[in-house]
Amino acid sequence: MLQKPRGTRDFLPDEMEARRTIEWRLREVARRWGYREVCTPEFEDLELFTMRSGEGIIEEMYVFEDKGGRKLALRPEITAAVIRMYINEAKVAPKPLRWCYFADCFRYERPQKGRYRQFWQFGVELIGADNAAADAEIIMLAADMLNTTGVTYDLKVGHLSFMKNLLKDLEPPVQRKVMAHLDKKDFDGLRNTLESMGKGELGNSLVSLVECRDLEKAFGIAGAIPEEERIRRTVEFLDTAGVNYALNFGIARGLDYYTGMVFEGFAQNLGAENQILGGGAYRLAHLFGGDDVASCGFAIGFDRVMVSLGDMPEKKDLIVAIVCTEEGRLHALRVAGMFRNSGIRTETDLMERGLGAQLAHASRSADFAVVIGKREAESGEVTLKNLLSGEQKTLDPQSAIAEVALHGAG
Ligand code: HAM
């Protein structure tokens with residue numbers, strides 16, 4: 001038997017219903033904040049992704065050559081594509097641009113629960129605003145979105161300038177090594193690396209910074225930071241808005257992508273793959289031949305949110321089964337159309353079962369049966385049977401629809 005590719009999933013109707021419910025809640029929050037949906041291609045020139053991250057990222061992507069010999073990649077994320085699109089299509093549009101997306105991404109990762117090779121992100125990008133209010137808006141929006149899904153989470157907010165200031169005298173390759181240690185919380189490895197370079201004191205400062213949760217203390221550890229005023233103002237905005245977050249100056253998120261404020265969300269009930277959101281302020285446009293526009297944004301790992309939510313109550317849709325004899329079939333077809341046009345979920349027999357068998361099936365799968373035999377076909381009426389109470393009456397189709405709708409509303 002043929003199986004789906006490793007790291008991908010099939011979604012049955014119950015699961016799709018749950019996913020759409022959450023997706024629409026996210027869309028609704030995006031709408032309220034003025035973020036409008038954009039869509040970019042599923043694949044892009046490979047260069048779009050290697051430009052920022054180097055050739056190393058090829059290992060983590062689905063890369064292929066098309067018949068014209070072009071090197072392409074399935075998108076591992078959407079931000080780079082959105083900024084490319086901004087440069088191609090909307091460079092002159094009035095700022096700021098508020099955009100959102102719900103789209104699938106592809107990463108060649110080792111699959112496990114919460115980590116897939118095809119996964120969905122709900123993300124936003126705010127392009128062309130460069131101040132504390134913009135940083136704060138993005139974090140507030142992230143909190144609003146996570147709240148609407150119903151997940152319980154921790155939101156951690158940091159700023160790269162603290163770390164950058166401490167690391168500014170190190171060569172870029174050493175910086176990367178240090179960041180890798182910090183990212184893994186490998187403090188012993190970090191201290192060893194720095195001690196071997198005669199910079200043991202720096203190791204201690206870095207560990208204190210990573211463990212620090214207080215803004216004043218962080219300024220004390222990292223020294224003078226040009227962004228100090230902006231950071232203070234962002235924090236003031238977040239506190240005024242009542243956002244539930246904790247400061248964390250150890251958030252690394254790759255120094256080549258993000259430039260300032262960074263933040264991450266973690267589901268409280270998930271294990272290893274518990275990061276459900278990541279984002280921050282960044283600059284990418286200049287890499288793709290555009291002006292150096294400041295942007296910020298985030299992406300929610302939609303699949304992880306769904307894992308965190310677990311089984312959701314099934315959506316109860318009122319179902320009408322049209323049950324008919326052969327003589328009633330054409331009238332049944334018209335009546336089914338009338339029910340559907342009134343917004344009622346309506347199913348007809350396709351199995352050519354007898355009336356009794358259709359009724360038996362309906363009583364297992366529907367709330368109402370609309371019975372149409374020879375008599376109803378001739379009179380233009382229907383017999384409406386409430387499958388829960390057993391009550392049954394003969395009505396004209398519009399009255400039957402009104403009767404069913406009454407139950408739907410209840
Ligand atoms: P990211 O942290 O790489 O950021 O991905 C965002 C979220 O996608 C993660 O927090 C995680 O929940 C989810 N995710 C990542 N990889 C997988 C996977 N293999 N399976 C399931 N879920 C996964 C970005 O992608 C940035 N573009 C976010 C951003 C937008 N920054 C600025 N604007």
> Among residues other than P41 whose Cβ falls under 11 Å from its Cβ, what is the net charge (Lys/Arg +1, Asp/Glu -1)?
Replying inline: -1
>> Between helix 355-365 and the chain, what is the angle of the helix's C-alpha long axis to the longest principal axis, kept within 0 to 90° and rounded to the nearest 10?
In response: 30
> If you add up the charges near P313, with Lys and Arg at +1 and Asp and Glu at -1, over every other residue whose beta carbon is less than 15 angstrom from its beta carbon, what do you get?
Replying inline: -1
>> Nearest 500 deg cm²/dmol is fine: what mean residue ellipticity at 222 nm does the chain get from its DSSP H runs of n ≥ 4 alone, each adding -39,500 (n - 2.57), divided by its residue count?
In response: -12500 deg cm²/dmol
>> Restricting everything to alpha-carbon atoms, can you work out Rg to Rh for the chain with a Kirkwood hydrodynamic radius?
In response: 1.13
>> Largest first and in whole Å, what are the equivalent-ellipsoid semi-axes of the stretch 201-279 based on the Cα gyration tensor, each being the root of 5 times an eigenvalue?
In response: 22, 18, 13
> If one puts a single equal scatterer on every Cα of the stretch 75-156 and applies the Debye formula without solvent, what log₁₀ I(q)/I(0) results at q = 0.20, 0.21, 0.22, 0.24 Å⁻¹?
Replying inline: -1.09, -1.14, -1.18, -1.23
>> Could you give each residue of the stretch 137-142 its phi-based ³J(HN,Hα) in whole Hz, using Karplus coefficients 6.51, -1.76, 1.60 with θ = phi - 60°, and x for Gly or Pro?
In response: 4, 5, 6, 4, 5, 4
> At q = 0.10, 0.12, 0.16, 0.18 Å⁻¹, what base-10 log of I(q)/I(0) does the Debye formula yield for the stretch 1-149 when every alpha carbon is treated as an equal point scatterer in vacuo?
Replying inline: -0.43, -0.62, -1.06, -1.24
>> I'm a student and want to see the number: the projected area of the Cα convex hull of the stretch 290-346, averaged over all directions, in nm².
In response: 9.4
> Rolling a 1.4 angstrom probe over the protein heavy atoms, how many square angstrom per residue are accessible across the chain?
Replying inline: 51
> Dividing the Cα radius of gyration by the Kirkwood radius, what Rg/Rh value follows for the stretch 63-118?
Replying inline: 1.09
>> Charges at C-beta only: +1 for Lys and Arg, -1 for Asp and Glu. How large is the resulting dipole of the chain about its Cα centre, in Debye rounded to 20?
In response: 240
> Taking the Cα atoms only, what angle lies between the long axis of helix 228-240 and the longest principal axis of the chain, rounded to 10 degrees?
Replying inline: 30
>> For a quick check of your reading of the filter: which GluC sites (Glu not before Pro) in the stretch 1-91 sit in a DSSP loop and have no more than 16 other Cβ atoms within 10 Å?
In response: E42
> Going through the stretch 299-390, which GluC sites (Glu not before Pro) have at most 15 other Cβ atoms within 10 Å and a DSSP loop state?
Replying inline: E314, E326, E327, E352
> What is the log10 of I(q)/I(0) for the stretch 94-229, computed with the Debye formula using one identical point scatterer on each Cα and no solvent, at q = 0.08, 0.10, 0.16, 0.20 Å⁻¹?
Replying inline: -0.32, -0.51, -1.11, -1.20
>> Among I58, A362, Y282, whose Cα projects farthest towards the positive end of the dipole of the chain, with charges put on the beta-carbon of Lys, Arg (+1) and Asp, Glu (-1)?
In response: A362
>> Give me the Å³ per residue figure for the convex hull around the C-alpha atoms of the stretch 27-87.
In response: 107
> Per-residue HN-Hα couplings for the stretch 20-37, Karplus 6.51 cos²θ - 1.76 cosθ + 1.60 at θ = phi - 60°, whole Hz, x for Gly and Pro?
Replying inline: 5, 4, 5, 4, 6, 5, 5, 4, 5, 5, 4, 4, 5, 8, x, 8, 9, 6
>> Report the number of Lys pairs in the stretch 163-319 whose alpha-carbons are under 16 Å apart, with separation of 8 or more residues or on distinct chains.
In response: 6
>> Please give me, ordered by residue number, the trypsin sites (Lys or Arg not before Pro) of the stretch 343-410 that lie in loop per DSSP and have at most 11 other Cβ atoms within 10 Å.
In response: none
>> Please list 3J(HN,Hα) in residue order for the stretch 107-124, calculated via the Karplus relation 6.51 cos²θ - 1.76 cosθ + 1.60 where θ = phi - 60°; whole Hz, with x for glycine and proline.
In response: 9, 7, 10, 7, x, 7, 4, x, 10, 10, 8, 10, 8, 10, 10, 9, x, 9
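The values are calculated or read from the model by the stated rules, or taken from the named source; none is laboratory data. In this text, all values refer to a predicted model and were calculated from it rather than measured experimentally. Note: ideal-geometry Cβ built from the backbone for every residue, glycine included; neighbour counts use all protein chains shown. Calculation scope for accessible area: heavy atoms of the full protein, side chains included, ligands and nucleic acids excluded. Shrake-Rupley method; radii C 1.70, N 1.55, O 1.52, S 1.80 Å.
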